[in-house]
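Heads up: the structure comes next, in structure tokens.
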Amino acid sequence: MATPTIEEYLETIYIVGMESLPVRSARVAEAMGVSAPTMTDTLRRMAQQGYVQSERGAGVVLTAKGRELAETLVRRHRLSERWLVDVLGLDWSQAHEEACRLEHAISQEVEERLARVLEYPATCPHGNPIPGSSIRTDGDAMPLSQAAGGEEVTVVRLSPLAEEDPALLDYFRRNGLVPGATFRVAEVSPAAGVVTLEAGGSTVSLGMKGASSIWVQVSR
């Protein structure tokens, strides 16, 4: 069986792949907070165990075995987040860290019962799809940082990588930047590195890093 460390790498590779392809080892190392040599050694071990393949130009690719385990972990993590937020009332900025602990301990039976109790949710509280559920299509979603001034946008989901930053999640929550919320892009200023949104007579400003963590759909 994979160690918790290998499981974390698999989950991170899967999540990075949600944001952009190909999955570069340097991006995974950054998300994991490890050095390039550590990343190289770990990928070598993961390849020997049949979890990943690394090919020039293709980046890091999960094998069928690796993807199955990664999706199981992500599913348990996101179901745990729903349970923590929807049932226990935990703040969504804290749910990610707690779910990281739970995902490695949940059995298949508990996973199935948890999904049933929660009535088979399609997404986690941050809007990210739960593998194996009736996942909604957000193929035309894009990072808020790519939106143009004057456009009406609806928040679809928050980048899973942003969940590692509780302070950022708390800022999003306090300013209503949650899945389903609609805003008008008042201004995009790449030079200043700021995106300003308007809704209900109020404005909220974000740096480009924060804006790139919010995936939105533009109203047509």
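Only the coordinates and a few stated rules stand behind these numbers; no lab work does. Since the model is a prediction, treat every value here as computed from it, not as a measurement. We place every Cβ from the backbone using ideal geometry, glycine too, and count neighbours over all the protein chains shown.
Details
- Peptides 199-210, 156-167 ranked from most to least packed by the mean count of surrounding Cβ atoms within 10 Å: 156-167, 199-210.
- Estimated vicinal HN-Hα couplings, Hz - the stretch 144-149 in sequence order (Karplus 6.51, -1.76, 1.60; Gly, Pro = x): 4, 4, 9, 6, 9, x
- Environment charge at Gly59 (Cβ cut-off 10 Å; Lys +1, Arg +1, Asp -1, Glu -1): +2
- Using alpha-carbon coordinates, inclination of helix 36-48 to the longest axis of the chain, degrees: 50 degrees
- Shown in residue order for the stretch 85-99 are the 3J(HN,Hα) couplings computed by the Karplus curve 6.51 cos²θ - 1.76 cosθ + 1.60 at θ = phi - 60°: 7, 6, 9, 8, x, 6, 4, 5, 6, 9, 5, 4, 4, 5, 5 Hz (x for Gly and Pro).
- The stretch 66-145: translational diffusion in µm²/s, Stokes-Einstein, Kirkwood Rh over Cα pairs, 4 °C, 1.567 mPa s: 100 µm²/s
- Amide H to amide H distances under 5 Å link Ser212 with Ser145, where only residues 5 or more positions off or on other chains count and H is placed in the peptide plane.
- Value of relative contact order over the chain, rounded to a whole percent, pairs C-alpha under 8 Å and six or more apart: 16 percent
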